[in-house]
Amino acid sequence: MILPPGLLRTAPLHGETTSSLICRIAGRYGLEATALRSCWKWRSHKPRHDGGGARADAEVLLNTAGRQLLAGLCGVEEGVLARALPSWGREDAWLPAAEAGEPVAAWRTGGAVAGPVAFGCRLCTARRTGTAGRAVLYAPRWNRVCVRHGRWLLDADTDQPHEYLDVRRLPEMVAAQRRWAGVARRAVRAGAEPERVFALAHAVVARWWEQALHWEREKVWPRRLHQVAGGEGL
């Protein structure tokens, strides 16, 4: 199946996975993603969870011809795609240079390509693209709060139906995210890697939260959990 190049322009979101962009392009053409993906020759199988469900953090790597095809389908210059898509231009053993004239693609998981992957805020996606739908983005865990809509965006690599938690009643989470840049600068000055500092803090808080649910006299943490989870424990 070959579509007229650039018939409907679909701009990438900053940090978006290539797989997510392909799905959004398909939606613009009124197609199922599987139909649009038939434009490429695939060298591997789509990643799935142990239970068989498709992974939301599945990522796509493309050879030179494959990238040219994608640029034509979305009507966006390759340079723009290279700046927006972290996986753009990533090499892979399944994409031999000898096949540069044929659009070839390979599946990977986002975490193995360019780092942690999260669901995008659907409200922000609709505001930026004019079309409602799901987007999947690369995002570090210290930058997961959508400040505009009060949503904590969840990891896309887990097998669960939720894309976000509502944190509008927890303004301290937005404040903490805004303070992170200062924390990172102080960590660097102290000779520590910001990523390790965040990982340690995350581990401490997660452990405290997990234990607090079983402490009869603890009131604050269980209440916070119910606030973000809609009254249901996670």
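Distance from the alpha carbon centroid of segment 102-150 to that of segment 152-196 works out to 16 angstrom.
Over the chain, dividing the summed -39,500 (n - 2.57) contributions of all DSSP H runs of at least 4 residues by the number of residues returns a 222 nm mean residue ellipticity of -12000 deg cm²/dmol.
Only Cα pairs under 8 Å and at least 6 apart count here; give the relative contact order of the chain as a rounded whole percent.
Numbers: 361 pairs, mean separation 42.0, N = 234.
Computed value for the chain: 18 percent relative contact order.
Mind checking the angle between helix 220-229 and the chain's longest principal axis? C-alpha axes, 0 to 90 degrees, to the nearest 10. Compared with the principal axis, the helix lies near 30 degrees.
Using the Cβ of residue 52 as centre and a radius below 15 Å, the other residues enclosed give a net charge of +1, where K and R count +1 and D and E count -1.
Among 40, 221, 94, the order of accessible area from largest down is 94, 221, 40, computed with a 1.4 Å probe on protein heavy atoms. What the Cβ-Cβ distance of residue 123 and residue 223 gives, at R0 = 25 Å and to the nearest 0.05, is a FRET efficiency of 0.45.
Counting only C-alpha contacts under 8 Å and six or more residues apart, can you give the relative contact order of segment 87-185 as a whole percent?
Numbers: 112 pairs, mean separation 19.9, N = 99.
About 20 percent, as a whole number.
Taking the Cβ of residue 76 as the centre, find all other residues whose Cβ is under 13 Å away and add up their charges (Lys, Arg: +1; Asp, Glu: -1). Walk me through the numbers before you get to the answer.
Values: positive: 9, 24, 28, 67, 83; negative: 16, 77, 78.
So the surrounding residues net to +2.
How many percent of all Cα-Cα pairs in segment 69-119 sit more than 17 Å apart? Across segment 69-119, Cα pairs with separations above 17 Å total 47 percent.
Spin-label model, residue 68/residue 143: points 7 Å from Cα along the beta carbon direction are separated by 3.3 nm. Multiplying the residue separation of residue 31 and residue 188 by 0.36 nm and removing their Cα-Cα distance gives an extension gain of 51.8 nm. Comparing 162, 149, 74 along the charge dipole axis of the chain, the residue lying farthest to the positive side is 149, per the Cβ-charge model. Counting only alpha carbon atoms, the long axis of helix 194-212 and the longest principal axis of the chain meet at about 60°. With the simple model of a label 7 Å out from the Cα in the direction of the Cβ, residue 8 to residue 48 spans 2.8 nm.
The slack in the chain from residue 207 to residue 175, taken as 0.36 nm per residue of separation less the alpha-carbon distance, amounts to 9.3 nm.
Treat segment 88-223 as a sphere of radius equal to its Kirkwood radius over Cα pairs and apply Stokes-Einstein at 10 °C in a medium of 1.306 mPa s; give the translational diffusion coefficient in µm²/s, rounded to a whole number.
Numbers: Rh = 18.0 Å.
Translational diffusion coefficient: 88 µm²/s.
Local charge for residue 11 was computed over the other residues whose Cβ lies under 11 Å away, with Lys and Arg +1 and Asp and Glu -1, and equals +2.
For segment 18-85, which whole-number percentage of the solvent-accessible area (1.4 Å probe, protein heavy atoms only) is attributable to carbon and sulfur atoms? Ligands and nucleic acids excluded, carbon and sulfur give 45 percent.
To the nearest 20 Debye, how big is the dipole of the chain about its Cα centre, given +1 on the beta carbon of each Lys and Arg and -1 on that of each Asp and Glu? Can you show the working numbers first?
Values: 34 positive and 23 negative charges, 196 e Å.
Dipole magnitude for the chain comes out near 940 debye.
Here the chain yields Rg over Rh of 1.02, to two decimals, using C-alpha coordinates and the Kirkwood radius. Which angle from 0 to 90°, rounded to the nearest 10, does the C-alpha axis of helix 64-74 make with the longest principal axis of the chain? Here the helix axis deviates by roughly 80 degrees. Judged by the gyration tensor of its Cα atoms, with axes a ≥ b ≥ c, segment 97-138 is oblate; a/c meets the 1.5 cut and b/c is at least as large as a/b.
The values are calculated or read from the model by the stated rules, or taken from the named source; none is laboratory data. Note that this is a predicted model, so its numbers are computed, not measured. Neighbour counts are summed over all protein chains in view; Cβ atoms, including those assigned to glycine, are modelled from backbone coordinates with ideal geometry. What goes into the accessible areas is simple: the full protein's heavy atoms, side chains included, and nothing from ligands, DNA or RNA. Shrake-Rupley method; radii C 1.70, N 1.55, O 1.52, S 1.80 Å.
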